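K.L.:
Okay, handing you the structure first.
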Amino acid sequence: MDEVQTLANFPLELDAEKLVEERPQLAGAQEKLRELQKYIQPVAFWRELKVDGQEQNRISLEEGKLIIDSAYVALGLAGCSKATLLAVTIGQELPHYAQDCLQKGKLWEGTVADILGSEAVEIMAEKIHSYLKGIFLPKGLFSTLRFSPGYGDWSLKDQEKILEILQTKPKIKVTENYLLEPVKSITALIGWSSMPVSQEYPQGEKKKGFCAGGQNCAYCTTWACRK
């Protein structure tokens, strides 16, 4: 197994104008968005793992160090020989600022900070993914999409094992309910194949699907439950 790679305090370069254009509820918040960027403290962890076992509903990584019981992930990484386990966070400061604003009745500021946090951590994950593509493509390996616990039929219970493999403490921890702390954090798995990979997420079967339901539907971009 390769060593864990860590990258901290890299420039995120968020475009306030673009964020406002994409999120109408941020209208007029350009200056506030620029001001709040000082609270973002990016940290990323990743580790390359060998894919050593694939079944219809299960995938095994690095001689069973991580076994994912998920038809959704197994389909998404079909044919992959390697995978990268990834965890990113923007730190505690911005979420704490947002929560403090909301508690003090500063609803607009709190909402702007919360939206910025969600956008920032997603942009972080995309930037690390793009960086990894630049490493693997010259080796003749093509990227899958990103897969995260809590989507499709991949259980959130695997969060603890993922953070253990990536040695993320104390920067990123998991609660007893398998949620990440800081809240604006993402864990993900990316597969690497010697053949070009479909850039669409697997869809569940009619009346079955991959998704067991939960509270993340509003943020889900995978459409795993689509009939």
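The values are calculated or read from the model by the stated rules, or taken from the named source; none is laboratory data. Note that this is a predicted model, so its numbers are computed, not measured. Here Cβ is always computed from backbone atoms with ideal geometry, including for glycine, and neighbour counts include all displayed protein chains. Remember, those area values only see protein heavy atoms, side chains included, never the ligands or the DNA or RNA. Shrake-Rupley method; radii C 1.70, N 1.55, O 1.52, S 1.80 Å.
K.L.:
Which of the aspartates and glutamates could a cross-linker bridge to Lys82, judged by Cα under 13 Å and excluding same-chain residues fewer than eight apart?
P.N.:
Filter leaves Asp2, Glu48, Asp52, Glu62, Glu63.
K.L.:
On the accessible surface of the range 1-159, probed at 1.4 Å, how many percent belong to carbon and sulfur atoms?
P.N.:
48 percent
K.L.:
Would you please report the Å³ per residue occupied by the convex hull of the alpha carbon atoms in the range 51-169?
P.N.:
Looking at the range 51-169, the number lands at 120 Å³ per residue.
K.L.:
Which value, in Å² rounded to 10, gives the accessible area of Asp69 with a 1.4 Å probe and all protein chains present?
P.N.:
Result for Asp69: roughly 90 Å² accessible.
K.L.:
Please find, in a Gaussian network model of the chain (springs between Cα atoms separated by less than 10 Å), the residue of Glu176, Glu55, Glu164 whose mean-square fluctuation is greatest.
P.N.:
Between Glu176, Glu55, Glu164, it is Glu176 that shows the largest mean-square fluctuation.
K.L.:
Still on this structure, please answer the following. Evaluate the relative contact order of the chain (contact order divided by residue number), counting alpha-carbon pairs under 8 angstrom at least 6 apart; express in whole percent.
P.N.:
22 percent
K.L.:
What's the FRET efficiency of Asp100 with Glu55 using the Cβ-Cβ distance as r and R₀ = 45 Å, to the nearest 0.05?
P.N.:
With R0 = 45 Å, the Cβ-Cβ based efficiency is 0.45.
K.L.:
Exceeding 28 Å between C-alpha atoms, which entries from my cross-link table qualify? They are Lys50/Lys157; Lys38/Lys171; Lys106/Lys157; Lys157/Lys184.
P.N.:
Check vs 28 Å cut-off fails for Lys106/Lys157.
K.L.:
Skip the ligands, DNA and RNA, and give the accessible area per residue of the chain with a 1.4 Å probe, whole Å².
P.N.:
That works out to 55 Å² for each residue.
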